[in-house]
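The values are calculated or read from the model by the stated rules, or taken from the named source; none is laboratory data. Remember, predicted model here, so these are calculated numbers, not experimental data. When we count neighbours, we look across all protein chains shown, and the Cβ atoms used for this are built from the backbone with ideal geometry, even at glycine. These area figures cover heavy atoms from the full protein model, side chains too; ligands, DNA and RNA do not enter into them. Shrake-Rupley method; radii C 1.70, N 1.55, O 1.52, S 1.80 Å.
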Amino acid sequence: MAASMGASRLHMRGNGQLLKCFQRILTPFQRRAGTNVAACHSLTDHQDVGKTFLALQEERRERAQRSVLISCPPKTTEKKVLKYLSKYGAVNNCFFYDSFGTYAVIEFASRDGICSLHEAASLPSIQYEASVPFKTRLLTLKSTGVDPLDGAASLRLHPQTSMPVNDLIQRLSAEESIDQQLHCLTSTLELTNENIALRFLVCSLLQDIAGAFFPECTIRLFGSTVNGLGKLGADLDLFLDLDTISGRNMKRPSGLFLEYQMKRAASERTVTQNVLSVVGEGLEQFAPGCVGVQKILNARCPLVRFSHQPSGFQCDLTANNRVAMKSSELLWLLSQLDERVRYLVFTVRSWARIHGLTSSIPGAWITNFSLSMLVVFFLQSRPTPILPSLDQLRDLASPADKCVIEENDCTIVSDLSKIQLEPNTESLATLLQEFFEFYSTFAFNRMSINIRKGKQQNKPEAAPLHIQNPFEAEHNVSRNVNATQLERLVALCRESAWQLTHGANLPPSAAGIGAGQPRAPWGVAGLLMPAVAAAAGVKGRGKKKRQLASDRIKTLLQTLKK
């Protein structure tokens, strides 16, 4: 597979030469850690506390630009890989994972390490195919020179996918309180530091390709990867930022000035479609590991969809989607204000996914973003609010925070210390139960959810579910949700509230349970069981029973008569 991807390959020298070189060139990290270079896999040394959203993203982008992704041979050892790579520069961090083979993410202390690595790498020799000489930071290590006496490979592989549902239920059932279950669920499913680093690296690799066509463009991450609410295995949402190309941010001085000669297009949408078409073609032809490229340019929001095989990510690339990036910043900020936000969002999203309220396939189902808005609005609506309204965040903003996107005021405060709320000490168990009670009786038929004001308002349209976009007041983020899906949501909320109120909020007694036997599901674990949907009278999204041809024709004729 590596050959078909056209990845560059590194050739190891003999063990004796490697050892001499390693002894001669000790990196700063190795001087601190001795020869135990395997210890450098941890990415938890970089603290995110106190940083603004934009500063945090910029730091991660810069670290990704100093990183490479390497396909490793079987029976390799972490120590030998790091000893070899240390010849080319100091290694700050590294980790290994499995995705159709073993891969290593290597973060150098500077970009000079990548330059040295590229100089040592050669193009692959393929007997029956021609390789495209487009050098990227995705490489293949041909041999690590493993000595048979080394024994089995010693690699700690970091998981890149979430735990199976049955295992999650069993783990949650072993906890002693609902609060602990919410903590456990979140820590089990959330993105790890390593997974986030891999996501930013893939984004950086894609920008290398796009930058060959549009040198001033930037590819940025948005959505669950950066908003603090991402789950292992989630898709990668990216957007191609063309503002530096379009010249919108350029200040024209008085008097004479220069301007570019440019092609003309019928509309900005046409320009976006053309740019995405070119980038999509570049990814398909020149980006190793990018497969299944689909250019979906006639959608409401044009995008390019593809798979990145080495990382296992499904990717959606849009263009100039800056409002979505601002929404990601908003969710990140709110999740930083109170840790209960993350626990509730993770739990509600998991509950919704398991019961078929959400889907990775576009359709009439509620989205994770809409579910997050429901959680935020609920926390704004407490007798003692846990979260501020968006208007409050705007009023606390400084002039440097001013942000207007397509005539929409997207200003929010970046300094968290300016946000002061009354203390609220409600437990997670109480909040989860009352969340379900709140939406099981909410007047969806009349009222709209507005987190900008932090209160419900009369619906401006006839859509079954109306959740106002926080930055685009005229847009309903849940407009796709039909009446059937809303009824399923309400029914599941009602049943879940009942379950938590009547006995399912306490762990079962250990009496009668043998040693090593798992507990019966209870609390949050019980809410994830299929019996909840059955008790709520909610049917799953199974395949429809096929009708006879005569019955289908009869149904069609009846529809036409109406």
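Okay, residues lined up against (1) at pLDDT 95 or above; (2) open to solvent by less than 60 Å² (accessible area, probe 1.4 Å); (3) β-branched (Val, Ile, Thr); (4) outside any strand (DSSP E or B):
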site: THR430; (1), (2), (3), (4): yes, yes, yes, yes
site: PHE435; (1), (2), (3), (4): yes, yes, no, yes
site: TYR439; (1), (2), (3), (4): yes, yes, no, yes
site: ILE449; (1), (2), (3), (4): yes, yes, yes, no
site: GLN456; (1), (2), (3), (4): no, no, no, no
site: PRO460; (1), (2), (3), (4): no, no, no, yes
site: LEU465; (1), (2), (3), (4): yes, yes, no, yes
site: ALA473; (1), (2), (3), (4): no, no, no, yes
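Every residue, every condition in (1) farther than 22 Å from THR367 by Cβ; (2) among the charged types (D, E, K, R), yes or no:
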{"site": "LEU390", "(1), (2)": "no, no"}
{"site": "CYS403", "(1), (2)": "yes, no"}
{"site": "LYS418", "(1), (2)": "yes, yes"}
{"site": "GLU437", "(1), (2)": "yes, yes"}
{"site": "GLU472", "(1), (2)": "no, yes"}
{"site": "LEU486", "(1), (2)": "no, no"}
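Residues are listed down the side, and each one gets a yes or a no for (1) open to solvent by less than 30 Å² (accessible area, probe 1.4 Å); (2) under 22 Å from GLU422 (Cα atoms); (3) modelled with pLDDT of 95 or more:
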{"position": "GLY292", "(1), (2), (3)": "no, no, yes"}
{"position": "ASN298", "(1), (2), (3)": "no, no, no"}
{"position": "CYS301", "(1), (2), (3)": "no, no, no"}
{"position": "ALA319", "(1), (2), (3)": "yes, no, no"}
{"position": "ARG394", "(1), (2), (3)": "no, yes, yes"}
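Looking at the range 111-230, the helices (runs of 4 or more DSSP H) lying wholly inside it that each contain 2 or more residues that are under 29 Å from the mean Cα position of the chain (by Cα) and farther than 27 Å from SER67 by Cβ sit at 165-173, 178-189. Within the range 333-376, being part of a loop (DSSP other than H, G, I, E, B), open to solvent by 20 Å² or more (accessible area, probe 1.4 Å) and more than 19 Å from PHE222 (Cβ to Cβ) holds for ASP338, SER359, ILE361, GLY363, ALA364, TRP365. Of the candidates GLU175, GLU194, the single residue that is of a type outside the set (S, T, N, Q), within 15 Å of LEU527 (Cα to Cα), in contact (Cβ under 8 Å) with a residue 12 or more places away in the chain and crowded, with 19+ Cβ neighbours inside 10 Å is GLU175. Does ARG264 count as charged (D, E, K, R) and either modelled with pLDDT of 90 or more or under 25 Å from CYS403 (Cα atoms) (or both)? No: the conditions fail for ARG264. The single residue among PRO385, PRO423 that is part of a loop (DSSP other than H, G, I, E, B) and touching a residue at least 40 places away in the same chain (Cβ under 8 Å) turns out to be PRO385.
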